[in-house]
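*Asks:* Please read through the structure below; I'll follow up with questions.
Nothing in this text is a laboratory measurement; each read-out follows from the coordinates by a stated rule. Fair warning: this is a prediction, and the values are worked out from it, not measured in the lab. Every residue, glycine as well, gets a Cβ built from its backbone with ideal geometry; the counts of neighbours run over all protein chains shown.
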Amino acid sequence: MKGTWAVVLCSLFLNAAEIQGQLTSGKGRCSCIDKGSDFIQQKALGKIEVIPKSSSCDHVEIIATMESTGEQRCLNPNSKWVQKMVTALIKKKSSQSTHRKEKS
């Protein structure tokens, strides 16, 4: 009888540990831990990703990948410099796609 209770208790503890590891609200799964950098050297920038708000992260994230090292850094989406840089990149990208359509 004591062995049965031990098995039951172990099962309950394992179930509790499994439930504790699951997300309940879907929040807190952001890639960036903090607000991010306000500035990076633009010539070192290789790629930039803008990740919109989602059910798993309640704020916009901007992730820059450094060209030479491949290191990824989070950028502060509220920084004026970051906003200007993203706007400039979007304009550049849209003008490039417009030029490609005209050549076709």
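*Asks:* Given the Cα-Cα distance of Ser31 and Ala88 and 0.36 nm per residue of separation, how much length would full extension add, in nm?
*Replies:* Roughly 18.1 nm would be gained on extension.
*Asks:* With +1 on each Lys and Arg Cβ and -1 on each Asp and Glu Cβ, how big is the dipole of region 49-89 about its Cα centre, in debye rounded to the nearest 20?
*Replies:* On the way: 4 positive and 5 negative charges, 45 e Å.
With only Lys, Arg, Asp and Glu charged at Cβ, the dipole is about 220 debye.
*Asks:* Continuing with the same structure: Which residues among region 66-94 fall inside the zone where the amide N is under 16 Å from a point 7 Å beyond the Cα of Lys53, along Cα→Cβ?
*Replies:* Hits in region 66-94 for Lys53 at 16 Å: 77-78.
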